[in-house]
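Everything below concerns the one structure shown next.
The values are calculated or read from the model by the stated rules, or taken from the named source; none is laboratory data. Just so you know, these numbers come straight off a predicted model, no measurement behind them. Neighbour counts run over all protein chains shown; Cβ positions are idealised from the backbone, glycine included.
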Amino acid sequence: MKFFNSSTLIAQGLIEPSLPRKYPFQRIPNQFQKLLRKELWNFSQNSAGVSVTFQTNSTKIRIQWKIKKDFQMNHMANTGIKGLDLYQYKNDSWYYRSTGIPISKSNDEIIFENKKTKLRKFRLHLPLYVTLTDLKIGVSNDCKFLSSQLDSKNIVFYGTSITQGGCASRPGLAHTNIISRKTSYNCINFGFDGNGHLETSIGLILSKIKANFYIIDCLPNVDMKLIKTNVIPLIESIRSSHNSIDKPIIFVEQPDAHDNYFDENIVEKNMVLKQQVQKAKKIGHENIYLIECKGSLGKDNDATVDGIHYNDIGYARFAKHLITELRKLNIGF
């Protein structure tokens, strides 16, 4: 087989992909490290939301991938943390084909086999919660391999562990990846486990991205005090560049994942967010929106693994809700 590595693959979900990176699929280039807290920088090296789209007529596809740390969590499947998902595009839709199942820091697997030689289009979703140090895609020696670039339309998601993908059972089922397959948008994932704090340091990086709009989904990681103090400065930091001066910024309420909260008042947090969005509009900020999320995860309490983090049911429902609500905003989505 012949192999194509990170130097020849075109990745979606990276900002400024031509800038230097320590690891090939870290979401944020090296030059922004000084802007970020250590925790943010470490999570930014994870490949959440990053994918590679390619075409090949090979009857076999082999994937070799190495990860920085053989990381595990008690409440999330290893296939979501450090596996890879292969989807095939046919009949104008993306269909799941198979998953690269991790067994160690170094992995090697035939991820696709078919007797018929014909040109097919694939998308490989990369791991959600580890840093890839190397990726190779192998095809038969006599076959074509074309790495593809997505359209230039971008949605940027800034949020928490849920945005990063915790706890989807495999990478393709995180809501940003679902939305990217169901729309023509490249979804850039700025989810940082436990660290979605509405920070201006992230806003300044977002301002440099040529995005069609920005989705801010940080409420699970902040209290009412941080909502009151950080929302408007975050807006101002995002709007600090000509790239983003008039682009829609959409805040997302915290969904009711279940009906038995003890440690926080979701209704009150959402009300405070709504007040800050209204305040931003009153002081002159335009194209600021709010998506309400009541019922977005269903009514059966089955959408999470632990009362907080979404399972596959939760991500499917949440993605559908966001797509529906975004289309109602008349922002060209």
Note: among Ile103, Ile67, Ile111, Ile81, just one is β-branched (Val, Ile, Thr) and surrounded by fewer than 15 Cβ atoms within 10 Å (Cβ to Cβ), namely Ile103
Could you please let me know if Val277 is in a helix (DSSP H, G or I) and surrounded by fewer than 17 Cβ atoms within 10 Å (Cβ to Cβ)? no
Any chance region 265-274 includes a residue that's more than 20 Å from the chain's Cα centre (by Cα), of a type in the set (A, V, I, L, M, F, W, C), closer than 14 Å to Gly196 by Cβ and in the same structural domain as Thr304 (by TED's automatic domain parsing)? yes
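Given the criteria surrounded by 14 or more Cβ atoms within 10 Å (Cβ to Cβ), within 21 Å of Ile188 (Cα to Cα) and in contact with a Leu (Cβ under 6 Å, 6 or more places away or on another chain), does Ser47 qualify? Even if it seems obvious, please write down each step before you answer.
Working: surrounded by 14 or more Cβ atoms within 10 Å (Cβ to Cβ): yes; within 21 Å of Ile188 (Cα to Cα): yes; in contact with a Leu (Cβ under 6 Å, 6 or more places away or on another chain): yes.
Judged against the criteria, Ser47 is a match.
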Only one of these is in contact (Cβ under 8 Å) with a residue 24 or more places away in the chain and either in the same structural domain as Cys187 (by TED's automatic domain parsing) or touching an Asp or Glu at 6+ places or on another chain (Cβ under 7 Å) (or both): Lys247, Lys282. Name it. Lys247
Return only the number of the condition from (1) among the β-branched types (Val, Ile, Thr); (2) touching a helix residue (DSSP H, G or I) at 6+ places or on another chain (Cβ under 8 Å); (3) assigned to a strand (DSSP E or B) that Val52 does not satisfy. (2)
